[in-house]
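Contents: one structure, followed by commentary.
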Amino acid sequence: VTSGGTYICQITDCGVTTIDSVVIVQSTTLSLITATDSVICPGDTLVLTGNPGMVAYEWISLTSTDPVLYVTNPGTYILQTTDFDGCFGFSEPFVVTALPQATAPTATDTTICAGQSISVSASGPGAIAWYNSATGGTWIYVGTTYTTPIISKNTTYYLQTIDPVCSSPIVDINI
């Protein structure tokens, strides 16, 4: 049986005919994947969400049975959902594509005497953001040459090539 409908079976044995029927309801279980995007930058996470209201979720070829999947790698993702009647459906393949990451800037560690300021240069393929935190955050300067405030102890600055699609990894420079 490949579709819903009423199916009738007739059996005749020893001159007695028995007729029975069964109604098959075709499953309309939908399995959908939604996401805010289908591309990912290195180091980023993309959230794939299965349709709500199902009793079970299984991401094919993965070990996850949650309705939400956190994706950090490109690939093709397929979701199987099961409804309350035990009927299941498979999603269309959801393809996640990786974008190239920008090249990190380069800068050379520098030594100065305490109580001085210095102009430090970096080179890179685009706009360079300077931070005073290893995790980035709010930049303190954007450009290739940064003039530090007066430095009284060893100081580390963090640089990143800013790209509208995929920014570079953060690198450090020590003064």
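The values are calculated or read from the model by the stated rules, or taken from the named source; none is laboratory data. Only a predicted model underlies this, so the values are computations on that prediction, with no experimental measurement involved. Cβ placement follows ideal geometry from the backbone for every residue including glycine, while neighbour counts extend to all protein chains displayed. Just the protein is used for accessible areas: all its heavy atoms, side chains included, with ligands, DNA and RNA removed. Shrake-Rupley method; radii C 1.70, N 1.55, O 1.52, S 1.80 Å.
Screening the candidates Tyr57, Tyr7, Tyr77 for the property of being out of contact with any Lys or Arg (no Cβ under 8 Å at 6 or more places or on another chain), of a type in the set (Phe, Trp, Tyr) and under 30 Å from Gly136 (Cβ atoms) yields one hit, Tyr77.
Find the strands (runs of 3 or more DSSP E) located wholly in segment 88-175 whose residues include 3 or more that are under 20 Å from Cys41 (Cβ atoms), and list them.
Details: elements: 88-90, 94-98, 119-123, 127-131, 145-147, 156-162, 171-174.
The qualifying strands (runs of 3 or more DSSP E) are 94-98, 127-131, 156-162.
For segment 96-112, state whether one or more residues are touching a strand residue (DSSP E or B) at 6+ places or on another chain (Cβ under 7 Å), closer than 30 Å to Ile78 by Cβ and buried (at least 17 other Cβ atoms within 10 Å of the Cβ). Yes - at least one qualifying residue is present in segment 96-112. Restricted to segment 1-46, and to residues there that are of a type in the set (S, T, N, Q) and in a strand (DSSP E or B), the residue that is most open to solvent (accessible area, probe 1.4 Å) is Gln10. Go through the residues of segment 131-147 one by one and say whether even a single one is open to solvent by 30 Å² or more (accessible area, probe 1.4 Å), closer than 27 Å to Leu32 by Cα, among the aromatic types (Phe, Trp, Tyr) and in contact with a Ser or Thr (Cβ under 9 Å, 6 or more places away or on another chain). No, segment 131-147 contains no residue that is open to solvent by 30 Å² or more (accessible area, probe 1.4 Å), closer than 27 Å to Leu32 by Cα, among the aromatic types (Phe, Trp, Tyr) and in contact with a Ser or Thr (Cβ under 9 Å, 6 or more places away or on another chain).
Would you confirm whether or not segment 33-42 contains a residue that is in contact (Cβ under 8 Å) with a residue 12 or more places away in the chain, under 23 Å from Gly86 (Cβ atoms) and of a type in the set (A, V, I, L, M, F, W, C)?
Residues of segment 33-42 in contact (Cβ under 8 Å) with a residue 12 or more places away in the chain: 33-35, 38-42.
Those still in the list that are under 23 Å from Gly86 (Cβ atoms) too: 33.
Next, from what is left, pick out any that are of a type in the set (A, V, I, L, M, F, W, C): 33.
Scanning segment 33-42 turns up at least one residue that is in contact (Cβ under 8 Å) with a residue 12 or more places away in the chain, under 23 Å from Gly86 (Cβ atoms) and of a type in the set (A, V, I, L, M, F, W, C).
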